[in-house]
Amino acid sequence: MEIIIQPSAEAATSIAARIVARLLREKPDAVLGLATGSTPLLLYRELVALKLDWRKVTTFNLDEYVGLPREHAQSYHSFMWENLFRHVNVAKKNVHIPDGNTKDIPKFCAKYEKQIKAAGGIDLQVLGIGTDGHIGFNEPTSSLASRTRIKTLTERTRKDNARFFGSEAQVPHHVITMGIGTIMEARQNLLLAFGSTKARAIAEAVEGPITAVNPASILQMHPVTKLCLDEAAAAQLKRADYYRWVYGNKPDWQKF
Ligand code: GLP
């Protein structure tokens, strides 16, 4: 894991945007895994401003609510088109977001996995993190080997996401999410976390044991994972000074 701590969410996002932009310039037909939530909003804004060429890019989103109409303002379809896709020249046929209204969820999930494989696998997966350590919607105790499937949200996540819906009662209970095994197959993971509400989940994911109770902790087993954090999200890391020194003293060839 590479831990990059920056003074602000904006500074951490700029680094993440540089990493994504470099990939799209070096590999115009890259396969991107994308995330939703408030955290990647700044990243998407920066990527739009960079005016990159998305014509050959393929995207796979991590997750979607089950049963929420696609046009609902809080569906992840709406989120992605509103905040990224409609502002770039991505081909609609290359955009993949789980279908929360499919009639046959297991069949859809198996197909989603096949589509990722057929696209050549995910080159870079953007991740946020839940306050309980979830990645995608893989809630605590999710199998660390899980594939795309239906999951039931915890009360905590439904409370966290109630801010987008107006009330907790309106937050769906079920979601379709890429599995942890799916995320672990991405060639690179880029996790962003900002704010003090994420500090505990980040400290446990980075410096705690690998455990399904904090699904993000499995990223310790991933060979190329970068975390872009602001100071508040990094506040409970015991080795923060070490991570800062490492990042500040990278050899030129390792800089991005
Ligand atoms: C959401 C998403 C995750 C996201 C997380 C944090 O429910 N399914 O992909 O990383 O919870 O959300 P936020 O960035 O709004 O804090």
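The values are calculated or read from the model by the stated rules, or taken from the named source; none is laboratory data. No experiment lies behind these values; they were computed from the predicted model shown. Note: ideal-geometry Cβ built from the backbone for every residue, glycine included; neighbour counts use all protein chains shown. Accessible surface areas use protein heavy atoms only, side chains included; no ligands, DNA or RNA. Shrake-Rupley method; radii C 1.70, N 1.55, O 1.52, S 1.80 Å.
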List the number of the failed condition for Glu2; all other conditions in (1) under 17 Å from the mean Cα position of the chain (by Cα); (2) under 14 Å from Asn89 (Cα atoms) hold. (2)
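Just to be sure before I move on: is Ala11 within 15 Å of Leu229 (Cβ to Cβ) and in a helix (DSSP H, G or I) in the structure I sent? I'd like the intermediate steps shown before the answer.
Details: within 15 Å of Leu229 (Cβ to Cβ): yes; in a helix (DSSP H, G or I): yes.
So Ala11 fits the description; yes.
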Taking the stated definitions as given, is Leu23 buried (at least 22 other Cβ atoms within 10 Å of the Cβ), assigned to a helix (DSSP H, G or I) and out of contact with any Pro (no Cβ under 8 Å at 6 or more places or on another chain)? no
Look at Ala12 and say whether it is among the hydrophobic types (A, V, I, L, M, F, W, C), closer than 30 Å to Val246 by Cβ, in contact with a Pro (Cβ under 9 Å, 6 or more places away or on another chain) and within 16 Å of the ligand (Cβ to nearest atom). no
Going through (1) more than 17 Å from the chain's Cα centre (by Cα); (2) open to solvent by 20 Å² or more (accessible area, probe 1.4 Å) one by one, Cys109 fails only at (2)
Can you tell me which condition Ser196 does not meet? The list is (1) within 14 Å of the ligand (Cβ to nearest atom); (2) in contact with a Gly (Cβ under 8 Å, 6 or more places away or on another chain), and all the others hold. (2)
Within the stretch 25-37, is there a residue that is within 25 Å of Gly195 (Cα to Cα), more than 18 Å from the chain's Cα centre (by Cα) and at pLDDT 95 or above? no
